[in-house]
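**Student:** Before I ask anything, here is the structure I am working with.
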Amino acid sequence: MGDMWTVKAALDWTVGYLERKGDENPRLSAEWLLSEACDMSRIQLYVSFDRPLSLEERDILRGYVTRRGKGEPLQYITGYAPFRHIQVKVRPGVLIPRPETEVLVSEALALLPAAHRRVALDSTIDAWEGDALIAVEAAAAEAAQAASDDDSEALKRSQQVISDYLGAQHDHAPGEGEARPEGSAPSKPRPLLVADICTGSGCIACSIAYERSDTRVIATDIAPEAVALAKDNAAELGLSDRVRIEQGDLGSPVPVAAMGRLDLVVSNPPYVPTAVLAEIPREVADFEPSLALDGGADGNDILRRLLPWTAAALRPGGGFAFELHETCLGAAAELARQAGFQQVRIVDDLAGRPRVLTGVKPV
């Protein structure tokens, strides 16, 4: 480059460099990196071709382009990824949200009951009910561990509190056609309870909470780096009061008393068959965590563990939506039917490949 490094000159140079490095879409990559380095939108780039880059912008761009030339995903370089109606932070060690997962969220949302009509109510603390109650449960568990065996009664009592509360949430509204007692205030429709298993960046949990304000989501992941990132994303999006993120294996962090009461279970679990992992693109294999990808010999190892838990966690009539590998959906659908689910469906992704499995727990 010459002394005058304009936006156009920088864009042309970056495109050429990434072409030589084998980037599949060098112009898109160049636009994305230059936009980030200069804090400009892609549209602004094209109306600012003559604008010179500062020395700092040039240094930032060189660093970005070097990393991209080595195959590092754009999202890890810029630190974020767009997903449906939100934007989430991404970090190395946690799977990057994919466009096909947006289809998973669409299918998951379609399984929820229609949104409740809003009613005027006194101000209340409107968080996922489990938040306060999980804290009670955790405190009781700590007490039980630290003190005598008799104190384990506290844990049982806290579980009963959770059970009673969740039961009331399901039971307090009048049934269809049932009259409300004269003079009573309209009761608030119960929130819909959702579990997002293997949440990763939290993009699914946050999208559901963002798009359906009547949901309360508990999201789980076994990887501490994923839990930390998902918590950051929920906080950044102002959703921490409705999205709870817990570390643990699959559904183990979900409170026992919530089992059998969830309206929806959604998951993008590790699902790539082990043999297929050897063929995936270098920028995925070299940079993204294999723990979040490897689904065992046939891709359905995690699904086999997830289905029985889901059957126990959902309320009658509740549904599940899982993203799976295109070669695994037929076998996965049969596993879901064997687990007792009805209305089992396979949904194609945007490219027309089988991608999402849905089903409903019998009423």
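**Student:** Round to the nearest 10 and report in Å² the accessible area of Tyr46, as given by a 1.4 Å probe over the protein chains' heavy atoms.
**Tutor:** 100 Å²
**Student:** Quick one: 3J(HN,Hα) in Hz for the range 255-263, Karplus 6.51/-1.76/1.60 with θ = phi - 60°, rounded, Gly and Pro as x.
**Tutor:** My calculation for the range 255-263 gives x, 4, 5, 7, 5, x, 10, 6, 7 Hz in order.
**Student:** If you stretched the chain out fully between Ala235 and Ser213, how much longer would it get, using 0.36 nm times the residue separation minus the C-alpha to C-alpha distance?
**Tutor:** On the way: separation 22, 0.36 × 22 = 7.92 nm, distance 1.55 nm.
Extra length available between Ala235 and Ser213 comes to 6.4 nm.
**Student:** Same structure, new question: Given points 7 Å out from each Cα along the Cα-Cβ axis, report the Asp39 to Gln342 separation in nanometres with one decimal.
**Tutor:** 5.7 nm
**Student:** In square nanometres, what is the average projected area of the Cα convex hull of the range 34-78?
**Tutor:** Details: hull surface 12.7 nm².
The number I arrive at for the range 34-78 is 3.2 nm².
**Student:** Please compute the volume of the convex hull spanned by the alpha-carbon atoms of the range 1-69 and report it per residue in Å³. Write down the numbers at each step before the final one.
**Tutor:** Values: hull volume 4.7 nm³, N = 69.
Residue-normalised Cα hull volume stands at 68 Å³.
**Student:** Next question, about the same structure. Would you kindly calculate the translational diffusion coefficient of the range 60-116, applying Stokes-Einstein with the Kirkwood radius from alpha carbon pairs, for 25 °C and a viscosity of 0.890 mPa s, and quote it in µm² s⁻¹ without decimals?
**Tutor:** On the way: Rh = 13.4 Å.
Stokes-Einstein gives a translational diffusion coefficient of 184 µm²/s.
**Student:** Counting other Cβ atoms within 10 Å, keep those with at most 16, restrict to DSSP loop, and tell me which trypsin sites (Lys or Arg not before Pro) in the range 9-39 are left. Mind showing how you got there, number by number?
**Tutor:** Numbers: sites: Arg20, Lys21, Arg27; in loops: Lys21.
Qualifying residues, ordered by number: Lys21.
**Student:** If you plug each phi of the range 63-78 into the Karplus form 6.51 cos²θ - 1.76 cosθ + 1.60 with θ = phi - 60°, what whole-Hz ³J(HN,Hα) values come out, in order, with x for Gly and Pro?
**Tutor:** Whole-Hz 3J(HN,Hα) from phi for the range 63-78: x, 4, 5, 4, 5, 5, x, 8, x, 5, x, 4, 5, 5, 5, 7.
**Student:** Report the semi-axes of the equivalent ellipsoid for the range 218-274 in whole Å, largest first, where each axis is √(5λ) for an eigenvalue λ of the Cα gyration tensor. Numbers along the way, then the final one.
**Tutor:** On the way: eigenvalues 70, 63, 23 Å².
Over the Cα atoms of the range 218-274, the ellipsoid semi-axes are 19, 18, 11 Å.
The values are calculated or read from the model by the stated rules, or taken from the named source; none is laboratory data. Computed from a predicted model, the values in this text were never measured in an experiment. Positions of Cβ are generated from backbone atoms using ideal geometry, with glycine treated the same way; all protein chains shown enter the neighbour counts. SASA here: full protein model, heavy atoms, side chains in, ligands and nucleic acids out. Shrake-Rupley method; radii C 1.70, N 1.55, O 1.52, S 1.80 Å.
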